[in-house]
Amino acid sequence: MEKYLYLCINLGSIIIPFIAGFDKRLQFHRQWRFLFPAILLTMLVFIPWDMLKTHLSVWGFNPRYLMGSYIGNLPVEEWLFFIAIPYACIFTYHALNYLVKKDYLGRYAGMITLLVGITFLLIGFANLHRLYTSVTFIATGVFLLFHHFLFKASYMGRFFLMYLATLLPFFIVNGLLTGTFIPEEVVNYDNLQNLGIRIGTIPVEDMVYGMLMLLMNISWFEFFKRNQQKKNQSQPADVLS
């Protein structure tokens with residue numbers, strides 16, 4: 001049964017959000033038309049990144065905990081990871097928007113985005129010899145600064161609230177993947193390519209990698225939602241014309 005561990009981690013991550021999404025108050029299933037294009041577009045970035053890093057042995061996968069089916073050089077479970085985790089986290093984002101009416105972090109979001117973005121860039125450029133660290137911190141820093149200076153996104157406070165709320169599940173899932181609760185790692189890392197700083201067994205880079213992945217998903221999710229809202233608002237005028 002251990003060969004199904006990574007699959008079970010994915011299923012365990014998504015099962016409760018999937019069921020709760022049909023709650024008549026949340027009706028998250030009505031958001032699928034925005035959700036799945038967002039996940040797909042984000043996968044178009046992260047899957048090639050994942051394949052390249054696997055090819056370069058920045059990280060790898062323990063076959064003991066895999067079913068043995070691969071697409072490219074990635075196990076099927078890794079592909080499913082990029083569906084299950086964003087689904088669960090965007091559900092959390094949607095649920096928090098419904099349950100927490102006030103955007104408590106909204107007034108601080110610009111400052112947080114700017115400071116975190118600059119900090120990540122400085123760390124990334126100071127560690128160009130570490131592939132996982134440099135690429136992850138620089139890419140996340142740049143994306144955050146894009147949001148601050150170009151996108152001027154109004155949802156960043158909501159995003160940071162969701163990110164904080166999902167840290168506990170993140171530590172559980174990544175702890176399972178990196179060997180906190182099992183004798184061996186499901187995903188193993190070349191420590192020469194990262195800072196060597198771990199929270200338990202989790203490389204600190206994973207937290208930044210997760211932030212970038214989730215922010216990209218949320219950005220597309222909000223983009224598609226707002227486009228639909230604009231179409232809905234303009235429809236009466238179109239009909240009258």
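Laboratory data are not the source of any read-out in this text; all were calculated from the coordinates shown. Model, not experiment: these values are computed from the prediction. Neighbour counts are summed over all protein chains in view; Cβ atoms, including those assigned to glycine, are modelled from backbone coordinates with ideal geometry.
Of all the numbered requirements in (1) over 20 Å from Ala84 (Cα atoms); (2) in contact with a Phe, Trp or Tyr (Cβ under 6 Å, 6 or more places away or on another chain), Val186 misses one, and that requirement is (1).
Taking the criterion of being surrounded by fewer than 21 Cβ atoms within 10 Å (Cβ to Cβ) and either more than 30 Å from His29 (Cα to Cα) or touching a Ser or Thr at 6+ places or on another chain (Cβ under 7 Å) (or both), would at least one residue in segment 221-228 satisfy it? Scanning segment 221-228, I find no residue that is surrounded by fewer than 21 Cβ atoms within 10 Å (Cβ to Cβ) and either more than 30 Å from His29 (Cα to Cα) or touching a Ser or Thr at 6+ places or on another chain (Cβ under 7 Å) (or both), so the answer is no.
Of the residues contained in segment 40-55, one or more are found to be within 16 Å of the chain's Cα centre (by Cα) and of a type in the set (Phe, Trp, Tyr). Say whether the condition of being farther than 23 Å from Met211 by Cα and in contact with an Asp or Glu (Cβ under 8 Å, 6 or more places away or on another chain) is met by at least one residue in segment 41-57. Taking every residue of segment 41-57 in turn, none turns out to be farther than 23 Å from Met211 by Cα and in contact with an Asp or Glu (Cβ under 8 Å, 6 or more places away or on another chain). Number of residues in segment 15-71 that are surrounded by fewer than 14 Cβ atoms within 10 Å (Cβ to Cβ), in contact (Cβ under 8 Å) with a residue 24 or more places away in the chain and not in a helix (DSSP H, G or I): the value is 4.
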